[in-house]
Amino acid sequence: MRRRADDKANAMTEGSDSDVVWTNLHAATMSDGAQSYGEIRDAAIVVQSGRIAWIGPRRELPPAFRSLDTRDGKGGWMTPGLVDCHTHAVHAGSRSDEFEARLSGVTYEEIARRGGGILSTVRATRAATEPDLAAQSRARVERLMSGGVTTVEIKSGYGLSTESETKMLRVARRLGDELPVRVKTSFLGAHAVPPEFSGRADDYVALCIEEMLPAIVREGLADAVDAFCETIAFSPRQVEALFEAARAAGLAVKLHAEQLSDQGGAALVARYGGLSADHIEYLDEAGVAAMATAGTVGVLLPGAFYFLRETKVPPIAELRRHGVPMAVATDSNPGTSPMLSMTQAMNMACVLFRLTSQEALAGATINAARALGIAHETGSLEVGKAADMVLWDIARPADLSYAITPQQPTVRIVAGRVA
Ligand code: DI6
Ligand code: FE
């Protein structure tokens, strides 16, 4: 089932526009990870069959490519297409009513305990027809795309029944088929305990393992399995049972870990060779070390931090010291991060978490691709990778994380094709 995204990538590259060379631009290749922008001034980028066939200083362009049609970068900067590696973009409705309640002092946990929060979006998502859910979700994904996103991860987790979880994931897959964007999906059945299982979380986890996951695997609907490990959600023991089932099904794992408290979730997902531990405000150094050993990416979600007025900052210095790759994502969701701009998430990561602007761009490109297990395919401008690229009318790469205002590229290219 994990093969699906690669099939999509191949399908995308096969039917590409003719071979071209992009010139009159600078490139931030992000090929060094977060160490630098991998800048190439006055660059040329050769795109053949949807992939990057050559990239370097224009004056070094090999003669064989000089007769290709050119595309004018108008003096802008080409970066890898942005990768939003953590979203809940498929859901129904809004929660501005809860936002108002929180402004008057009610906490997120209190709202959740009263049956609001995630469960109010569950009610709306269950009630939505598949076409209605698709229409609402499509508008969000299109907004992300207009801000430079070429790959987006989308989770389930607002259905919490086999019928509604598969509905969400089918909608996510369909958006990937219909729109010029790569979509990776994660099964987040263990997001909250649904009302009909109130007080019976273990029974609900058993349903996730015995009924939902097999149905999802049968239809090839998920690329990974995610869970919310928290006192108000699922315990490490419950998450571990789910990860065992994911492993048996051959699916990658990732985890909402240490968002509101330290549950040892990051160490747990690292023990399963997980792709990422996400949120991680309350992560301790032992968890950081476990992630470093396993190669698990730390996904920073400053939108949720901002929106919940969290004050505990993720342990950025420890993550750097241990060499844990850091990604930045929107966490786009109605409860804790109603945000649809990756450059805005980058700005918040710099201002709130003190990432450097290089780290923010690496977090939105190459490290985000690693968090999805697709860094061999996208996330940096390197020969052999898909030509997923965005052109920005900016003077310096740091302009992308500098502005608070959401930014839009002038050209967006997916698998070599202007989209
Ligand atoms: N952590 C979050 O921030 C989102 N899910 C999660 O596990 C919040 C989801 C929501 O409130 O709807
Ligand atoms: Fe999330």
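The values are calculated or read from the model by the stated rules, or taken from the named source; none is laboratory data. Not measured: the values here are computed from a predicted model. A quick note on method: Cβ atoms are made from the backbone with ideal geometry, for glycine too, and the neighbour counts reach across all protein chains shown.
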How many residues, within the range 287-342, are touching a strand residue (DSSP E or B) at 6+ places or on another chain (Cβ under 6 Å) and among the acidic types (D, E)?
1
So if I check each of G93, G116, G76, which one is free of Cβ contacts under 8 Å to residues at least 24 places away in the same chain and not in a helix (DSSP H, G or I)?
G116
What helices (runs of 4 or more DSSP H) completely inside the range 333-419 contain at least 2 residues that are in contact with a Gly (Cβ under 8 Å, 6 or more places away or on another chain) and modelled with pLDDT of 95 or more?
342-353, 366-371
Against the definition (crowded, with 24+ Cβ neighbours inside 10 Å and of a type in the set (A, V, I, L, M)), how does V328 come out, yes or no?
yes
Might you let me know whether the range 78-87 holds any residue that is surrounded by fewer than 20 Cβ atoms within 10 Å (Cβ to Cβ) and not hydroxyl-bearing (S, T, Y)?
no
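Take Q238 and decide whether it is in a helix (DSSP H, G or I), under 25 Å from G116 (Cα atoms) and either among the polar types (S, T, N, Q) or under 22 Å from the mean Cα position of the chain (by Cα) (or both).
Values: in a helix (DSSP H, G or I): yes; under 25 Å from G116 (Cα atoms): yes; either among the polar types (S, T, N, Q) or under 22 Å from the mean Cα position of the chain (by Cα) (or both): yes.
When the stated conditions are applied, Q238 passes them.
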Answer yes if at least one residue in the range 279-295 is away from ligand 2 (no atom under 16 Å from the Cβ), within 25 Å of I216 (Cα to Cα) and free of Cβ contacts under 8 Å to residues at least 60 places away in the same chain, and no otherwise.
no
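Given the options T79, T87, name the one that is of a type in the set (S, T, N, Q), in contact with a helix residue (DSSP H, G or I) (Cβ under 8 Å, 6 or more places away or on another chain), within 14 Å of ligand 1 (Cβ to nearest atom) and closer than 22 Å to A329 by Cβ. First the steps, then the outcome.
Working: T79 fails: within 14 Å of ligand 1 (Cβ to nearest atom).
Just a single option satisfies the conditions, and that option is T87.
Quick grid of which residues meet (1) under 19 Å from A172 (Cα atoms); (2) outside any helix (DSSP H, G or I); (3) modelled with pLDDT of 95 or more; (4) aromatic (F, W, Y):
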| position | (1), (2), (3), (4) |
| --- | --- |
| V83 | yes, yes, yes, no |
| A89 | yes, yes, yes, no |
| F99 | no, no, yes, yes |
| E109 | no, no, no, no |
| A112 | no, no, no, no |
| S120 | no, no, yes, no |
| T125 | yes, no, yes, no |
| P131 | yes, no, yes, no |
| A135 | yes, no, yes, no |
Of all residues in the range 308-332, count the ones that are within 18 Å of the chain's Cα centre (by Cα), closer than 30 Å to A124 by Cβ, not in a strand (DSSP E or B) and not hydroxyl-bearing (S, T, Y).
2
